[in-house]
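Asker: Sharing a structure with you now.
The values are calculated or read from the model by the stated rules, or taken from the named source; none is laboratory data. Computed from a predicted model, the values in this text were never measured in an experiment. Glycine also receives a Cβ, built like all others from the backbone with ideal geometry; neighbour counts cover every protein chain displayed.
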Amino acid sequence: MSEIVVVVVPDADILASAVAARLVVKIIDAQAERGWAGVVLTGGRIAAKVLRSVRELPAVDAIDWSRVDLWWGDERFLPAGHPDRNDTQAREALLDALPLEPPRVHPMPASDGPDGDDAEQAAARYARELAAAAGPSSSELPHFDVLMLGVGEDGHVASIFPEHPVGYATGTVAAVHNSPKPPPTRITLTMSAIQTAEEVWLVASGPDKAAAVGMAIEGAGPRQVPAAGAVGTDKTLWLLDRAAAANVPAKARSLR
C-alpha cells in the first residue's frame, strides 16, 4: 500500500524550492541505486517555478543528466514549440540549460508531428515509445522514480478531468477531446499508468486549490476528484503551500 505523506510549507516560493530540492535528491538516489533515473514532468505555474528552482541548487551538478529519462504526464495537443505546451515551458525553465541526452527526453507528440492532428494516433505513438523504453520486460511502461502532477481547481491531474470519459481510458496513453479547459484536445497518461510510478508527487499552491486538495486527501472518489486516484506504488506525496492546505486536517500534515 502506498505511503501517503502531506507536507505543508508557508508559501509558493518556499514550496517550489522544497520540491526542487526533493527532486534533485530523488534523482541522485535513483542513479546511485540503479545508474539512471526516470522522471515524469508536469505543467502549470508551480511546475515552472519548481524547475527554475532546480537551476539554483548547487546540488544540481551532482546529477549525471546524461542518465536521466524525462517523460511528460500530459500535453496540450498544439504545434511543437507552442508557448502553451508543457514541454516548451519545461525547456525554457530548465531543460535547455542541462546537458541532457536528447534521445532520453521524450516530449509528447505535437499537432504538427508525424500524425498530424490525429490525437489518437499521437497517443498511440507515445504509448509505443514508452513500451520501447520498458525493454524486454512484460511491462508496457519504463520505471518512473517520480511522477509529478499539478492539481487543478476542479481536482484534475494530468489531463484527467472529473467525470470525463478519459477517466475510464484503458492502456497507458489516451487522447482527450472536449477538455473542459482549453485547448480542447490533449494527450495524457491514463490513471493506471500514473499509478505505476514509484512515487507520485501532487504539487499545489494557492487558495483556489484548497477545496480539491481537501476532498482528495479526505477520500473523495477518483472519478469525481481524479487527484484522489493518483497514488504511487511506494509513496504518494502531497506537497502544498499553506493556502492550498487550508482544508487538510492538521493531523494529516507533516509540516505546518
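Asker: Can you tell me which residue is surrounded by the most Cβ atoms within 10 Å (Cβ to Cβ) among those in region 49-86 that are among the aliphatic types (A, V, I, L, M), under 16 Å from the mean Cα position of the chain (by Cα) and under 25 Å from ASP112 (Cβ atoms)?
Answerer: Ranking the candidates gives LEU51 first.
Asker: With respect to GLY38, determine if the residue is within 17 Å of the chain's Cα centre (by Cα), modelled with pLDDT under 95 and not polar (S, T, N, Q).
Answerer: no
Asker: Just name the residue that is farthest from GLY43 (Cα to Cα) out of those in region 16-29 that are surrounded by fewer than 22 Cβ atoms within 10 Å (Cβ to Cβ) and either among the hydroxyl-bearing types (Ser, Thr, Tyr) or touching a residue at least 12 places away in the same chain (Cβ under 8 Å) (or both).
Answerer: Only one residue fits best here, namely ILE28.
A quick yes/no check of all residues on (1) modelled with pLDDT under 95; (2) closer than 30 Å to GLY214 by Cβ; (3) not polar (S, T, N, Q):
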| position | (1), (2), (3) |
| --- | --- |
| ARG91 | no, no, yes |
| LEU95 | no, no, yes |
| MET108 | no, no, yes |
| ASP112 | no, no, yes |
| ALA127 | no, no, yes |
| ALA133 | no, no, yes |
| SER137 | yes, no, no |
| VAL151 | no, yes, yes |
| HIS156 | no, yes, yes |
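Asker: From the list ALA246, ALA211, which one is part of a loop (DSSP other than H, G, I, E, B), surrounded by fewer than 19 Cβ atoms within 10 Å (Cβ to Cβ) and of a type in the set (A, V, I, L, M, F, W, C)?
Answerer: Going through ALA246, ALA211 in turn, the sole match is ALA246.
For (1) buried (at least 23 other Cβ atoms within 10 Å of the Cβ); (2) over 17 Å from VAL5 (Cβ atoms); (3) touching a Ser or Thr at 6+ places or on another chain (Cβ under 6 Å); (4) free of Cβ contacts under 8 Å to residues at least 24 places away in the same chain, each residue gets a yes or a no:
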| position | (1), (2), (3), (4) |
| --- | --- |
| SER159 | yes, yes, yes, no |
| PRO184 | no, yes, no, yes |
| VAL203 | yes, no, no, no |
| PRO222 | no, yes, no, no |
| ASP241 | yes, no, yes, no |
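Asker: Out of all the residues in region 216-230, is one or more assigned to a loop (DSSP other than H, G, I, E, B), under 14 Å from the mean Cα position of the chain (by Cα) and at pLDDT 95 or above?
Answerer: yes
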